[in-house]
Amino acid sequence: MTPTAPVSSVPPLVAHGLEKAYRVGRGRLPVLRGVSLVLCSGELVALMGASGSGKSTLLHLLGLMDRPDAGEVLLDGERVDRLGAGAAARVRARRIGFVFQQFQLLPELNALQNVLLPRRLALGRLWWRRRRAETAAARRLLEAVGLGERLRHRPTMLSGGEQQRVAIARALVSRPAVLLADEPTGNLDRRTGHEVLTLLLDLARAHGTAVLLATHDPAVAQACDRVLRLADGELVPPDAEVAPTP
Amino acid sequence: MSRLVLAWLFRRPVQALAILGVAVGLAALLLVQAVMNGLIETNEAAVRAFSGDLHLVPAVGETPPRWDDYAAALADVAEVEAAAPHLVAHALSSFPGWTMELSQTGYSDAQQVRLVGVDPEAEARVNRFGEALARAEVAPVADPSRPFAVPPGPFARPGLLVSDDFARGVPLAQGEDLHGGKKVELAALPWRLPPPGERLVPVNGVFTIAGTYAPLDFRTALDVVFLERTGPNGLHWNLLGSEAADFTEALLKLAPGVSAEAGKAAVLEALSRAGLPRPGGAAGGELVTWRERNATFLQAIHTERRMTTLVLSFVVLVAAFGLFAVLAALVREKVRDLGVLAACGAGPWTRGGLVFGLGALASALGAALGFGVARWLVAEKDAVAAFLDRRFGIQIFPAQLYVVDGLPAVWNGGGAVRLALATFLLGLLFTLMPALRAARTDPVEALRYE
Ligand SMILES: Nc1ncnc2c1ncn2[C@@H]1O[C@H](COP(=O)(O)OP(=O)(O)OP(=O)(O)O)[C@@H](O)[C@H]1O
Ligand SMILES: [Mg+2]
């Protein structure tokens with residue numbers, strides 16, 4: 001895999017004063033109360049915080065899966081938080097990769113088809129002309145995550161670690177500027193988790209993809225370039241020492 | 001994506017069943033339509049064959065109508081190919097020497113018959129009279145060109161033809177058969193009824209059964225007796241007398257390509273040119289097309305077809321609803337996958353389109369399958385009918401009950417395509433809701449769903 005060095009000086013992901021509250025019955029449950037962050041190219045950032053602190057909520061806002069109540073999200077300098085559902089989906093298909101705790105592969109598709117899914121969605125009708133090249137690229141990516149022999153295997157035939165590797169390949173197949181990972185090692189044992197994490201970070205570095213990775217695990221956080229902590233709906237300044245979550 | 005559609009389409013057997021349900025409903029609808037079309041067609045053909053193209057009842061003026069005048073008037077009308085006069089009268093029948101004597105009309109089994117005097121060769125030219133003779137079962141006539149001929153002898157009486165069914169009820173002495181000159185006595189009402197209070201004297205005469213005919217038509221089921229119309233052996237001479245008209249109706253066959261309406265106009269004009277009273281005017285009579293004459297009967301089958309179509313359309317509707325239920329369940333079950341698709345870049349249109357494509361495919365499969373099965377069954381209808389009869393003893397239209405041979409089924413391609421298309425569109429309509437649901441799935445909640 002040839003590393004693609006970031007050339008743009010515009011940070012791929014910027015968030016300003018993000019606020020989000022959920023309606024619970026009559027009342028409102030504020031989860032985020034003004035979160036701002038900048039993710040530079042190729043940067044690997046861990047997002048920590050107690051359970052229920054809003055890590056997933058923040059990732060969803062940054063990934064355009066949900067809209068903030070206030071604040072803005074800029075992707076490559078372009079404001080994207082007010083996009084409609086369709087436009088947001090198009091942005092996700094090309095520029096954002098997701099990795100989830102539960103792997104979230106489609107059970108009817110084999111590993112290769114799962115990896116190609118974002119490409120098909122991104123390319124639309126163009127897909128039929130680019131099919132060969134795209135398939136070859138996805139195949140190389142699966143080889144890079146060590147699953148070159150398992151292309152035609154359905155998710156049910158793969159172990160958890162293998163499924164998560166397929167998911168990582170799927171998240172990177174569009175060469176997105178940003179990869180959002182929500183506890184990607186949460187469902188794996190320590191050893192496998194470590195392997196998968198190393199793979200994820202290596203590949204992201206190689207692709208020049210900025211990663212925001214929510215985790216409870218300080219060891220995972222340690223492997224990243226920088227750590228952000230969520231507490232009381234705000235990002236705690238990096239120098240403030242917050243006790244690691246038990 | 002197409003892989004995903006296929007995988008989701010046949011995810012559960014119940015989904016294939018839903019498609020099959022649509023197919024079966026549509027096939028039933030198309031089959032019943034084809035059979036009804038066939039019934040309509042055979043019935044129309046039968047009705048037309050027996051009633052000619054035009055039915056003329058002459059207006060009765062000062063003097064009773066004479067067929068010669070009408071025949072002359074119609075002779076040079078190009079639109080009329082052939083004309084057959086009928087002299088119709090009503091009578092009671094009995095068998096001389098048997099217990100039922102016509103002198104005692106109180107016998108409840110003295111049978112009332114409709115006497116139809118015909119000119120055999122003219123008759124054969126306008127309708128299926130010849131076929132009715134040829135297909136007789138009990139006592140077919142020896143020479144169809146002279147159907148009323150009876151064996152000569154000192155006791156020979158004018159010949160008549162009864163239906164096979166009538167003949168089966170004729171009481172026969174030991175050793176006697178219908179070819180031996182079986183006599184039947186007829187008592188007809190006089191041509192004109194006397195004024196109230198005066199004595200009514202029926203006219204009776206004895207005839208010989210010359211043979212039988214097969215009733216091909218509901219109008220000649222049991223009680224129509226054919227005689228010669230005129231001449232020394234005719235109905236006119238033997239029972240009605242010279243005072244009577246020598247015909248009461250005529251069946252006209254039109255030249256090929258002439259519409260019933262055009263023929264009707266030409267006949268009316270020819271009659272008025274010949275100075276004959278206009279049928280349907282003040283002096284009574286009528287001139288109607290075969291369709292008008294049998295309107296009630298024909299209308300009944302059309303109504304029946306509409307009813308069955310309506311009922312079976314509901315079957316299709318219910319089947320399409322099954323498709324809806326299955327798709328709705330699929331969307332519910334696949335909510336998490338829809339969330340994954342959303343995360344990978346599938347917008348509302350893509351997600352809705354996926355489910356809609358699924359429903360469209362299912363509807364198209366169901367409609368195509370139903371159409372194909374119905375088409376095939378109609379094409380192979382005789383084989384199917386034979387198979388059902390041989391294997392299960394089922395006769396769809398028992399020959400004795402319906403006046404049809406085999407299984408009438410007429411494939412109306414245009415109508416069938418329209419119905420298949422309507423079924424497909426109905427399926428699409430029922431797909432809209434699940435598709436909308438898939439489109440409106442909130443990705444975040446969908447991913448949380450477990
Ligand atoms: N749809 C919702 N309606 C109401 N409350 C919600 C909803 N989604 C999330 N919440 C609440 O928002 C808060 C933040 O949830 P979130 O999932 O972002 O936490 P988290 O930091 O990811 O936690 P964990 O580490 O357990 O995954 C929680 O208190 C949660 O109960
Ligand atoms: Mg979470």
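The helices (runs of 4 or more DSSP H) located wholly in segment B:259-368 that include 3 or more residues which are within 14 Å of chain A (Cβ to nearest Cβ) occupy B:335-343. Residues in segment B:171-207 that are within 19 Å of B:PRO151 (Cα to Cα) and touching a Phe, Trp or Tyr at 6+ places or on another chain (Cβ under 8 Å) were compared, and the one that is surrounded by the fewest Cβ atoms within 10 Å (Cβ to Cβ) is B:LYS183.
For segment A:77-94, the criterion of being within 16 Å of ligand 1 (Cβ to nearest atom) and either farther than 28 Å from A:LEU141 by Cα or out of contact with any strand residue (DSSP E or B) (no Cβ under 9 Å at 6 or more places or on another chain) (or both) is satisfied by no residue at all.
Flag: A:ARG120 does not match the condition of being touching a residue at least 60 places away in the same chain (Cβ under 8 Å) and at the interface with another protein chain (Cβ under 10 Å from one of its Cβ atoms).
Which ones in segment A:99-130 are within 16 Å of ligand 2 (Cβ to nearest atom) and outside any loop (DSSP other than H, G, I, E, B)? Of everything in segment A:99-130, just one residue is within 16 Å of ligand 2 (Cβ to nearest atom) and outside any loop (DSSP other than H, G, I, E, B), namely A:VAL99.
Note on segment A:177-197: among residues that are part of a helix (DSSP H, G or I) and under 15 Å from the mean Cα position of the chain (by Cα), the one that is nearest to A:SER51 (Cα to Cα) is A:LEU197.
Restricting to segment B:434-447, what's the tally of residues that are within 16 Å of ligand 2 (Cβ to nearest atom) and open to solvent by 60 Å² or more (accessible area, probe 1.4 Å)? Show your work before the answer.
The initial filter retains those residues of segment B:434-447 that are within 16 Å of ligand 2 (Cβ to nearest atom), namely B:443-447.
Now narrow it down to the ones that are open to solvent by 60 Å² or more (accessible area, probe 1.4 Å): B:445.
Result for segment B:434-447: 1.
Checking each residue in segment B:237-267 for being in the same structural domain as B:LEU189 (by TED's automatic domain parsing), free of Cβ contacts under 8 Å to residues at least 60 places away in the same chain and open to solvent by 50 Å² or more (accessible area, probe 1.4 Å) picks out B:TRP237, B:SER242.
Within segment A:56-69, can one find any residue that is more than 16 Å from B:ALA343 (Cβ to Cβ) and more than 10 Å from every other protein chain (Cβ to nearest Cβ)? Taking every residue of segment A:56-69 in turn, at least one turns out to be more than 16 Å from B:ALA343 (Cβ to Cβ) and more than 10 Å from every other protein chain (Cβ to nearest Cβ).
Taking B:GLY234 as the residue in question, decide whether it is more than 20 Å from B:GLU79 (Cα to Cα) and in contact (Cβ under 8 Å) with a residue 12 or more places away in the chain. So B:GLY234 passes the test. Annotation: of all residues in segment A:156-169 being open to solvent by 10 Å² or more (accessible area, probe 1.4 Å) and within 14 Å of A:ASN114 (Cβ to Cβ), the one that is nearest to ligand 2 (Cβ to nearest atom) is A:GLN163.
Candidates are the residues of segment A:86-98 that are in a helix (DSSP H, G or I) and under 21 Å from A:LEU203 (Cα atoms); the one that is farthest from the other protein chains (Cβ to nearest Cβ) is A:ARG95.
State yes or no: is B:ALA7 within 10 Å of chain A (Cβ to nearest Cβ), of a type in the set (Gly, Ala, Ser), open to solvent by 10 Å² or more (accessible area, probe 1.4 Å) and part of a helix (DSSP H, G or I)? Quick ask: steps written out before the conclusion?
Details: within 10 Å of chain A (Cβ to nearest Cβ): yes; of a type in the set (Gly, Ala, Ser): yes; open to solvent by 10 Å² or more (accessible area, probe 1.4 Å): yes; part of a helix (DSSP H, G or I): yes.
Yes; evaluated as a whole, the condition is true for this residue.
Within segment A:202-217, count every residue that is farther than 25 Å from A:GLY52 by Cα and either within 16 Å of ligand 2 (Cβ to nearest atom) or out of contact with any Gly (no Cβ under 9 Å at 6 or more places or on another chain) (or both). Within segment A:202-217, residues that are farther than 25 Å from A:GLY52 by Cα and either within 16 Å of ligand 2 (Cβ to nearest atom) or out of contact with any Gly (no Cβ under 9 Å at 6 or more places or on another chain) (or both) number 3. On the basis of being away from ligand 1 (no atom under 16 Å from the Cβ), modelled with pLDDT of 80 or more and of a type in the set (Phe, Trp, Tyr), does B:PHE430 make the cut? So B:PHE430 passes the test.
Residues of segment A:71-85 that are loosely packed, with under 15 Cβ neighbours inside 10 Å and either at the interface with chain B (Cβ under 10 Å from one of its Cβ atoms) or in a strand (DSSP E or B) (or both): A:GLU78, A:ARG79, A:GLY84.
Let's see how each residue does on (1) more than 28 Å from B:GLN15 (Cβ to Cβ); (2) modelled with pLDDT under 95; (3) open to solvent by 70 Å² or more (accessible area, probe 1.4 Å):
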{"residue": "B:GLY353", "(1), (2), (3)": "no, yes, no"}
{"residue": "B:ALA383", "(1), (2), (3)": "yes, yes, no"}
{"residue": "B:ILE396", "(1), (2), (3)": "yes, yes, yes"}
{"residue": "B:ALA409", "(1), (2), (3)": "yes, yes, no"}
{"residue": "B:GLY414", "(1), (2), (3)": "yes, yes, no"}
{"residue": "B:TYR449", "(1), (2), (3)": "no, yes, yes"}
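Within segment B:11-30, track down each residue that is over 9 Å from B:ALA319 (Cα atoms), open to solvent by 30 Å² or more (accessible area, probe 1.4 Å) and in a helix (DSSP H, G or I). Within segment B:11-30, B:PRO13, B:VAL14, B:ALA16, B:LEU17, B:ALA28 meet the criteria. You will find that of A:ASP202, A:ASP189, A:ASP217, the residue that is under 22 Å from A:LEU228 (Cα atoms), without any contact (Cβ under 8 Å) to a residue 40 or more places away in the chain, away from ligand 1 (no atom under 16 Å from the Cβ) and among the charged types (D, E, K, R) is A:ASP202 and no other. Of all residues in segment A:12-68, those satisfying the criterion of being in contact (Cβ under 8 Å) with a residue 60 or more places away in the chain, away from ligand 2 (no atom under 15 Å from the Cβ) and assigned to a loop (DSSP other than H, G, I, E, B) are A:PRO12, A:CYS40, A:SER41, A:GLY42, A:GLU43.
Of the residues making up segment A:44-57, those that are buried (at least 22 other Cβ atoms within 10 Å of the Cβ), farther than 16 Å from A:PHE100 by Cβ and of a type outside the set (A, V, I, L, M) are A:GLY49, A:GLY54.
The values are calculated or read from the model by the stated rules, or taken from the named source; none is laboratory data. Because the structure is a prediction, the values reported are computed rather than measured. Reconstructed Cβ throughout: ideal geometry from the backbone, glycine too, with neighbour counts over all protein chains shown. Note: areas computed on protein heavy atoms with side chains; ligands, DNA, RNA excluded. Shrake-Rupley method; radii C 1.70, N 1.55, O 1.52, S 1.80 Å.
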